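**Q** The following block contains the structure, expressed as structure tokens.
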Amino acid sequence: MPDTNESIQALAQQEYKHGWVSHVDADQLPPGLHEDIVRAISAKKHEPEWLTEWRLRAYRHWLTMREPEWQKPKYPKIDYQGIIYYSAPKKKPEVSSLDEVDPELLETFEKLGISLDEQKRLSGVAVDAVFDSVSVKTTFREELSKQGIIFCSFSEAVTDHPELVKKYLGSVVPYTDNYFATLNSAVFSDGSFCYIPPGVRCPMELSTYFRINSAGTGQFERTLLIADEGAYVSYLEGCTAPQRDENQLHAAVVELVALKGAHIKYSTVQNWYPGDKDGKGGVYNFVTKRGMANENAKISWTQVETGSAITWKYPSCVLKGDNSVGEFYSVALTRDRQMADTGTKMIHIGKNTRSTIVSKGISAGHADQTYRGLVKIMKGATGARNYSVCDSLLIGGTCGAHTTPYIESANPTAVVEHEASTSKISDDQIFFLRQRGLSEEDAVSMIVNGFCKDVLSELPMEFAVEAQKLLGVKLEGAVG
Amino acid sequence: MTDPLLEIRDLHASVDGTEILHGLSLTINAGEVHAIMGTNGSGKSTLTKVIAGHPDYEVTGGDVLFKGRSILQDEPEQRACAGIFLAFQYPVEVPGVSNLYFLRSALNAQRKSRGEAELSGAEFLALVKEKAKLVDIDQGLLNRSVNEGFSGGEKKRNEIFQLAMLAPTLAILDETDSGLDIDALKTVAHGVNSLRSPERAFLLVTHYQRLLNYIEPDFVHVLLDGRVVKSGGKQLALELEDKGYAWIEEEAAGSGSISVA
């Protein structure tokens, strides 16, 4: 385990350290949602006719849908006409070198600890930075393109690789999928696009950092990641937002396509603004993430969810091909008035498909958390196997943890195992660690990090360190 | 004249509103080994927890001075950093946290509080190698989660290993001998004996004289009903082994506290 204590101390000073606002001139559409807005977004992005039509079909379908109410977290009605659906930094994002990027924006990403400076190659991570609605800069593109890897903003992919976008957009999450995915399909602004050619092992971590900046805007990005036959890619996603009193809506869609024998590892560290102690403000993080695994392919989701007022997401795997593998590793930490309803869906279609679910939930303060997971074994999924373990850790006596696993099996040869546990941090553990010289907060942080070890160890190294620090910071003041 | 290392004056302490210590006094100087003996419920474990600052125990009277300064207002981690170590009777498990990671964090936290530089990875591992020999602890245990799946003997050995690593000035061992077979007991005793030094004092809490065959105390105190009722040299432990505690109870009932030391 990396050494983190000193960093935790250093980082611990602020309640939410990404709460600042960047003063960047923005090119915004007026708030509101109707067909003209959808057309205007499409026009701003110079999209081809077919994509404009796709958006409009999604919008019309959305009008027929009702906002879901089955989830545990309740929230006041969202005024969809009050949201700004498109906001972009005024300076043109299509830049060829870093010198052309607005210095204020560069500074923003520096503050977040994300260097867009391609010279700093030491980190070995290629970054696509999405600021409000627009991808600002993608690093390491040329180097990656030598191996045929395409890593760019979604808008650029629409222009430069329309055949790939047309083929795969909506192939995993159709525009009719659910209320928020459908809304996203109509108004999505940008996001990341990635294609790894057959047999290529992507030589570096690919990463997207999302930042909501402007007030009153929603963020609706769309990520499409395709690993062709036998390819491998590890992808990281990080998110922050300024501290604002109103709630901001983030409704993203992520689609992963793993072709025959491909392996996609997708990791998220989510730290959207969670709102203040009394639950005022914060991001509504309503996200649809799903991967399609073909024959012998493998998709691993790893997520560390620490932010947002409400998190509502179920990164899922459709195990379509025989022998395909799906994994879901999750840590969700909620405190104060935060709510999270998260989990996964593993849909076993192919023969001998396997899935693993490891979910670790930590609640403190008045937070409320639900693990909701579905393991579905279809009729043809002979020899399918699933193993699930859901552990909850409670800090204090006013928080809640709920586990709601759904298992549907239509094939008698399937083996499905589910384990769940709920525990509290014991006073004896804390006293023991304090007796050895650790402060109470470091003790709690150490116990929580230990509790999450099985998930954190799935993260790429740089992210694991970041996630550990983040958990430490998030636990500050959560005890006692 | 230098202050005693630990001075306990007329200490009263309760847990859940019940008073367990009823005016306990004890003085320990640097370099000394003291043994506390007594029947179940006499307050032995309570005494160790109160010295270490367990939040469940409330001090209702008297004082505890460490190096001449009252520590009753100090947090447990402040007491630890000042040099007080407690080897637990029932060492707790911390799942998912490797023994070495935990120890390095603890050691560096203590060093930091004393204004010393933190140990680098290499320096730390060299120290681990040196101290692991002392208690004959298996390298495999060091990388496992703290006490998780350890046998009773391994847990106690791990406590002594932590003691060796953290090098406190006052080491309190709460029934470290309980549940140990004779070989483990010898190993633990060997570890403690090699850690004896003119600067360091030990307070051994034990039920049985057996441990004292291997760790020779300078003083033996008998605790009864939350007070020290008899103190003496190591021969007192042998006498207790021989005659049990009843005669002490009678003596105490007759004349109150008796001190030989």
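**Q** Just checking, does the range B:222-235 include any residue being under 19 Å from the mean Cα position of the chain (by Cα), closer than 21 Å to B:G83 by Cβ and in contact (Cβ under 8 Å) with a residue 24 or more places away in the chain?
**A** Checked against the condition, which is being under 19 Å from the mean Cα position of the chain (by Cα), closer than 21 Å to B:G83 by Cβ and in contact (Cβ under 8 Å) with a residue 24 or more places away in the chain, the range B:222-235 yields no hits at all.
**Q** For the range A:447-466: of the residues being in a loop (DSSP other than H, G, I, E, B) and of a type in the set (A, V, I, L, M, F, W, C), which is farthest from the other protein chains (Cβ to nearest Cβ)? Even if it seems obvious, please write down each step before you answer.
**A** The first filter runs over the range A:447-466 and keeps only residues in a loop (DSSP other than H, G, I, E, B), leaving A:452, A:457-460.
Going one step further and asking which of them are of a type in the set (A, V, I, L, M, F, W, C), we end up with A:452, A:459.
Numbers: A:C452: 7, A:L459: 14 Å.
This residue is A:L459.
**Q** Among residues belonging to the range A:411-421 that are open to solvent by 60 Å² or more (accessible area, probe 1.4 Å) and not in a strand (DSSP E or B), point out the one that is farthest from the other protein chains (Cβ to nearest Cβ).
**A** Within the range A:411-421, the match that is farthest from the other protein chains (Cβ to nearest Cβ) is A:P412.
**Q** Could I ask something else about it? From the list A:T398, A:T382, A:T356, which one is surrounded by fewer than 24 Cβ atoms within 10 Å (Cβ to Cβ), touching a residue at least 12 places away in the same chain (Cβ under 8 Å) and out of contact with any Gly (no Cβ under 8 Å at 6 or more places or on another chain)? Explain how you work it out, then say what you get.
**A** Working: A:T398 fails: out of contact with any Gly (no Cβ under 8 Å at 6 or more places or on another chain); A:T356 fails: out of contact with any Gly (no Cβ under 8 Å at 6 or more places or on another chain).
Step by step, each of A:T398, A:T382, A:T356 is checked, and only A:T382 is surrounded by fewer than 24 Cβ atoms within 10 Å (Cβ to Cβ), touching a residue at least 12 places away in the same chain (Cβ under 8 Å) and out of contact with any Gly (no Cβ under 8 Å at 6 or more places or on another chain).
**Q** While we're on this one: When you go through B:D3, B:D56 one by one, which is the residue that is in contact with a Lys or Arg (Cβ under 8 Å, 6 or more places away or on another chain), touching a residue at least 60 places away in the same chain (Cβ under 8 Å) and either farther than 26 Å from B:L240 by Cα or open to solvent by 50 Å² or more (accessible area, probe 1.4 Å) (or both)? Full working, then the answer.
**A** Working: B:D56 fails: touching a residue at least 60 places away in the same chain (Cβ under 8 Å).
None of the other options fit; the residue is B:D3.
**Q** Quick one: B:L173 ticks every box in (1) in contact (Cβ under 8 Å) with a residue 40 or more places away in the chain; (2) of a type outside the set (G, A, S); (3) within 21 Å of A:M446 (Cβ to Cβ); (4) not in a helix (DSSP H, G or I) except a single one, so which number is it?
**A** Only one criterion in (1) in contact (Cβ under 8 Å) with a residue 40 or more places away in the chain; (2) of a type outside the set (G, A, S); (3) within 21 Å of A:M446 (Cβ to Cβ); (4) not in a helix (DSSP H, G or I) is unmet by B:L173, namely (3).
**Q** How do the strands (runs of 3 or more DSSP E) wholly within the range B:200-261 filter down when requiring 3 or more residues that are at pLDDT 85 or above and aliphatic (A, V, I, L, M): which remain?
**A** Details: elements: B:201-206, B:219-224, B:227-232.
Where strands (runs of 3 or more DSSP E) fall fully within the range B:200-261 and carry at least 3 residues being at pLDDT 85 or above and aliphatic (A, V, I, L, M), they are B:201-206, B:219-224.
**Q** What is the number of the single condition among (1) within 26 Å of B:P198 (Cα to Cα); (2) open to solvent by 20 Å² or more (accessible area, probe 1.4 Å); (3) within 14 Å of another protein chain (Cβ to nearest Cβ) that B:L107 does not meet?
**A** (2)
**Q** Suppose the filter is within 16 Å of the chain's Cα centre (by Cα) and open to solvent by less than 10 Å² (accessible area, probe 1.4 Å); does A:P274 pass it? Before the answer, list the steps.
**A** Numbers: within 16 Å of the chain's Cα centre (by Cα): yes; open to solvent by less than 10 Å² (accessible area, probe 1.4 Å): no.
So A:P274 fails the test.
**Q** List the pairs whose first member sits in the range A:167-180 and is over 13 Å from A:R57 (Cβ atoms), whose second member is charged (D, E, K, R) and modelled with pLDDT under 90, and whose Cβ atoms are under 8 Å apart, counting only residues at least 6 apart or on separate chains?
**A** Pairs that qualify, where the first residue is over 13 Å from A:R57 (Cβ atoms) and the partner is charged (D, E, K, R) and modelled with pLDDT under 90, are A:Y179/A:R66; A:Y179/A:E67.
**Q** Another one. Which of the residues belonging to the range B:6-30 are open to solvent by less than 30 Å² (accessible area, probe 1.4 Å) and closer than 21 Å to B:Q235 by Cα?
**A** The answer is B:L26, B:I28.
**Q** Sort through B:F124, B:F150, B:F161 and tell me the only one that's among the aromatic types (F, W, Y), outside any helix (DSSP H, G or I) and surrounded by 16 or more Cβ atoms within 10 Å (Cβ to Cβ). Break it down into steps so the answer makes sense when it comes.
**A** Values: B:F124 fails: outside any helix (DSSP H, G or I); B:F161 fails: outside any helix (DSSP H, G or I).
Of the residues listed, the single one that is among the aromatic types (F, W, Y), outside any helix (DSSP H, G or I) and surrounded by 16 or more Cβ atoms within 10 Å (Cβ to Cβ) is B:F150.
**Q** Quick check on B:D56: is it modelled with pLDDT of 95 or more and charged (D, E, K, R)? Walk me through it before giving the result.
**A** Numbers: modelled with pLDDT of 95 or more: no; charged (D, E, K, R): yes.
The answer is no for B:D56.
**Q** Here's a follow-up. Out of the range B:59-73, which residues are free of Cβ contacts under 8 Å to residues at least 40 places away in the same chain and either in contact with a Cys (Cβ under 9 Å, 6 or more places away or on another chain) or away from every other protein chain (no Cβ under 14 Å) (or both)?
**A** Residues of the range B:59-73 free of Cβ contacts under 8 Å to residues at least 40 places away in the same chain: B:69-73.
Answer for the range B:59-73, where residues must be free of Cβ contacts under 8 Å to residues at least 40 places away in the same chain and either in contact with a Cys (Cβ under 9 Å, 6 or more places away or on another chain) or away from every other protein chain (no Cβ under 14 Å) (or both): B:R69, B:S70, B:L72, B:Q73.
**Q** Suppose we filter the range A:302-317 for residues that are crowded, with 24+ Cβ neighbours inside 10 Å and not in a strand (DSSP E or B); how many remain?
**A** 5
**Q** Now a separate question. Assuming A:G321 fulfils every condition listed in (1) without any contact (Cβ under 8 Å) to a residue 60 or more places away in the chain; (2) within 18 Å of A:A384 (Cβ to Cβ); (3) of a type in the set (G, A, S) apart from one, which condition is it?
**A** (1)
**Q** Can you give me the number of residues within the range A:318-347 that are under 11 Å from A:S359 (Cβ atoms), touching a helix residue (DSSP H, G or I) at 6+ places or on another chain (Cβ under 8 Å) and not hydroxyl-bearing (S, T, Y)?
**A** Going through the range A:318-347 one residue at a time, the tally reaches 1.
Here's the yes/no breakdown for (1) surrounded by fewer than 20 Cβ atoms within 10 Å (Cβ to Cβ); (2) under 19 Å from the mean Cα position of the chain (by Cα); (3) within 14 Å of chain A (Cβ to nearest Cβ); (4) farther than 18 Å from B:P95 by Cα:
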{"position": "B:R114", "(1), (2), (3), (4)": "yes, no, yes, yes"}
{"position": "B:K129", "(1), (2), (3), (4)": "yes, no, no, yes"}
{"position": "B:D138", "(1), (2), (3), (4)": "yes, no, no, yes"}
{"position": "B:S145", "(1), (2), (3), (4)": "yes, no, yes, no"}
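**Q** Sort out which residues of the range A:318-353 are assigned to a strand (DSSP E or B), within 19 Å of A:L470 (Cβ to Cβ) and open to solvent by less than 30 Å² (accessible area, probe 1.4 Å), and write them in order of number.
**A** First pass over the range A:318-353, keeping only residues assigned to a strand (DSSP E or B): A:318-319, A:325-334, A:339-342, A:345-348.
Still in the list and also within 19 Å of A:L470 (Cβ to Cβ): A:329-334, A:339-340, A:342.
Listed by number, the residues that qualify are A:Y329, A:S330, A:V331, A:A332, A:L333, A:T334, A:A340, A:T342.
**Q** Same structure, new question: Has the range B:150-166 got any residue that is out of contact with any helix residue (DSSP H, G or I) (no Cβ under 8 Å at 6 or more places or on another chain), within 18 Å of A:L438 (Cα to Cα), of a type in the set (D, E) and within 14 Å of chain A (Cβ to nearest Cβ)?
**A** Step one: list which residues in the range B:150-166 are out of contact with any helix residue (DSSP H, G or I) (no Cβ under 8 Å at 6 or more places or on another chain), which gives B:151-152, B:155, B:159.
Then drop every residue that is not within 18 Å of A:L438 (Cα to Cα), which leaves B:159.
Those left that are additionally of a type in the set (D, E): B:159.
After this cut, where a residue has to be within 14 Å of chain A (Cβ to nearest Cβ) as well, the list is B:159.
Checked the range B:150-166: at least one residue is out of contact with any helix residue (DSSP H, G or I) (no Cβ under 8 Å at 6 or more places or on another chain), within 18 Å of A:L438 (Cα to Cα), of a type in the set (D, E) and within 14 Å of chain A (Cβ to nearest Cβ).
**Q** I would also like to ask the following. Restricting to the range A:422-446, and then to whatever is under 30 Å from A:R372 (Cβ atoms) and in contact with a Leu (Cβ under 9 Å, 6 or more places away or on another chain), can you tell me which residue is nearest to the other protein chains (Cβ to nearest Cβ)?
**A** In this case the residue turns out to be A:M446.
**Q** Take the range B:71-81 and flag every residue that is more than 11 Å from A:Q435 (Cα to Cα) and open to solvent by less than 50 Å² (accessible area, probe 1.4 Å).
**A** To start, the set of residues in the range B:71-81 that are more than 11 Å from A:Q435 (Cα to Cα) comprises B:71-74.
Within the range B:71-81, B:I71, B:L72, B:D74 qualify.
**Q** Turning to a different aspect of this structure: Report, by residue number, each residue of the range B:84-101 that is open to solvent by 10 Å² or more (accessible area, probe 1.4 Å) and either touching a residue at least 60 places away in the same chain (Cβ under 8 Å) or more than 7 Å from chain A (Cβ to nearest Cβ) (or both).
**A** B:F88, B:Q89, B:Y90, B:P91, B:E93, B:L100, listed by residue number.
**Q** Another question, if that's okay. Say we look at the range A:426-476 and pick out the residues that are of a type in the set (K, R) and touching a strand residue (DSSP E or B) at 6+ places or on another chain (Cβ under 7 Å); which of these is surrounded by the most Cβ atoms within 10 Å (Cβ to Cβ)? Walk me through how you get there before you give the answer.
**A** Start the filter on the range A:426-476 by keeping residues that are of a type in the set (K, R), which leaves A:434, A:436, A:453, A:469, A:474.
Within this subset, residues satisfying the condition of being touching a strand residue (DSSP E or B) at 6+ places or on another chain (Cβ under 7 Å) are A:453, A:474.
Values: A:K453: 20, A:K474: 25.
That would be A:K474.
**Q** Here is a check on your reading of the model: is A:V479 at pLDDT below 90, part of a loop (DSSP other than H, G, I, E, B) and within 14 Å of another protein chain (Cβ to nearest Cβ)? Explain how you work it out, then say what you get.
**A** Working: at pLDDT below 90: yes; part of a loop (DSSP other than H, G, I, E, B): yes; within 14 Å of another protein chain (Cβ to nearest Cβ): yes.
Yes.
The values are calculated or read from the model by the stated rules, or taken from the named source; none is laboratory data. Keep in mind the model is a prediction, meaning the values are calculated, not measured. Glycine gets a Cβ as well: all are built from the backbone with ideal geometry, and neighbour counts include every protein chain shown. Heads up: the accessible areas ignore ligands, DNA and RNA and are worked out on the full protein's heavy atoms, side chains in. Shrake-Rupley method; radii C 1.70, N 1.55, O 1.52, S 1.80 Å.
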